[in-house]
1. So in the stretch 88-114, with the set limited to residues that are among the aliphatic types (A, V, I, L, M) and crowded, with 19+ Cβ neighbours inside 10 Å, which one is modelled with the highest pLDDT?
2. Taking into account only those residues within the stretch 118-143 that are touching a Gly at 6+ places or on another chain (Cβ under 8 Å) and among the aliphatic types (A, V, I, L, M), which is farthest from residue 81 (Cα to Cα)?
3. Looking at the stretch 80-139 only, could you name the residues that are among the acidic types (Asp, Glu), in a helix (DSSP H, G or I) and more than 23 Å from residue 220 (Cα to Cα)?
4. Only one residue in 244, 281 is hydrophobic (A, V, I, L, M, F, W, C), free of Cβ contacts under 8 Å to residues at least 40 places away in the same chain and over 17 Å from residue 95 (Cα atoms), so which one is that?
5. Scan the stretch 66-77 residue by residue and report those that are over 12 Å from the mean Cα position of the chain (by Cα) and assigned to a helix (DSSP H, G or I).
6. With (1) among the aromatic types (Phe, Trp, Tyr); (2) within 18 Å of residue 127 (Cβ to Cβ); (3) without any contact (Cβ under 8 Å) to a residue 24 or more places away in the chain as the list, and residue 89 as the residue in question, which single condition is left unmet?
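The values are calculated or read from the model by the stated rules, or taken from the named source; none is laboratory data. As the structure is a computational prediction, the values presented were derived from the model and not from experiment. Neighbour counts are summed over all protein chains in view; Cβ atoms, including those assigned to glycine, are modelled from backbone coordinates with ideal geometry.
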Amino acid sequence: MLPLRLRRVAGHEGRLNDALFQPAARAPPLHQHTLVFFGGDVQDYPEVMQAHRDNRNYVKWNLENTARMLGHNFPNKHILVIRPSRIEYKSFSCYDNFVPSNNAGVPEHTPTHSALHHLERLLQGVSSRIKSLPTSDLLEAVSSVTLPEEIDIEDLHNASIHPPSASKSNGAKPQAGGSQPAAHKPESDPLWWREKLALDESQLTLVGFSKGCVVLNQMIYEFHYTKTLTPGDAHMMRFMERIVDMYWLDGGHAGGKNTWITSRSLLETLTRLNVNVYIHVSPYQVQDEGRPWIGREEKVSRYLHTSAGLAHSLHMHFEVLANFKRLQDAAPASLPDSSDEDA
């Protein structure tokens with residue numbers, strides 16, 4: 001059953017990350033498009049979360065379910081979930097391969113940590129790994145039951161625990177070769193996407209949730225570094241141009257600063273790249289009295305974002321992840337022309 005787990009994918013200069021891959025449900029109208037997701041604290045493989053005394057309460061938000069949910073919300077995009085290289089105490093996500101971090105995952109942002117290079121190498125590595133998998137394994141993974149149009153994270157979680165067989169799910173008999181009836185497949189070949197899979201050459205949407213937003217923040221530092229200090233790096237400039245959307249979903253960490261980028265020069269570089277920026281927040285982060293800097297920094301950056309006001313609880317924090325696509329579709333973000341505030 002999708003997504004596919006890929007262990008220890010090689011990236012930049014020996015850096016390794018686990019990744020989960022879910023192919024697009026249907027072909028995009030123009031170009032290949034990949035959504036890359038960086039999750040937050042607590043989120044891990046379901047069996048790891050289930051074994052943790054506290055984190056089992058949030059097991060439905062595991063990385064596999066998140067990949068399925070994103071695939072359902074963005075059916076024209078390949079989904080790639082990047083697991084942190086470290087998860088301290090089975091709770092604190094540390095994205096050391098993208099940004100230097102302490103044992104709580106608090107980042108120490110730097111002009112460059114080769115995060116962009118690492119992302120590109122991971123995309124290449126995942127593409128190569130997928131193409132090398134036996135066809136039988138891929139067919140088995142993609143032949144899982146078709147999900148209904150309207151589905152929530154609870155339904156996804158239940159489906160992953162009790163996946164019904166094709167014959168039980170809709171009363172139809174499987175066709176020869178184990179595939180579903182043609183009406184339930186976007187293409188006649190369920191592996192239509194495999195031959196030309198090149199994630200590093202596709203358009204990119206980057207999504208950070210909670211702690212995962214530190215990776216997107218580091219990307220902004222490296223956009224600025226590349227544009228101002230190494231403008232002759234034509235290869236990396238082309239890779240940056242593939243990034244068309246960036247989503248910050250309820251960003252937060254335990255450090256005393258840098259939850260939100262507030263440097264005008266960095267934000268101006270981001271603006272010049274013509275990246276579509278979307279920010280969704282909840283009171284869980286921006287109204288946390290124990291971490292008041294999050295709210296202050298979010299206000300400084302507010303001219304870039306659209307806020308989704310939700311109730312103050314950890315469950316509501318996760319609901320931002322579930323609802324951001326629906327909220328965006330209902331009320332598309334509009335960006336003011338300027339801001340009164342500076343770094």
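1. Restricting to residues being among the aliphatic types (A, V, I, L, M) and crowded, with 19+ Cβ neighbours inside 10 Å, the top hit is 99.
2. Ranking the candidates gives 139 first.
3. Result: 137, single match.
4. 281
5. 72, 73
6. Of everything listed in (1) among the aromatic types (Phe, Trp, Tyr); (2) within 18 Å of residue 127 (Cβ to Cβ); (3) without any contact (Cβ under 8 Å) to a residue 24 or more places away in the chain, residue 89 misses just condition (2).
One line per residue, one yes/no per condition, for (1) under 29 Å from residue 115 (Cα atoms); (2) surrounded by fewer than 16 Cβ atoms within 10 Å (Cβ to Cβ); (3) in contact with a strand residue (DSSP E or B) (Cβ under 7 Å, 6 or more places away or on another chain); (4) at pLDDT 95 or above:
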residue	(1), (2), (3), (4)
23	yes, no, yes, yes
31	yes, yes, yes, no
35	yes, no, yes, yes
41	yes, no, yes, no
49	yes, no, no, yes
61	yes, no, no, no
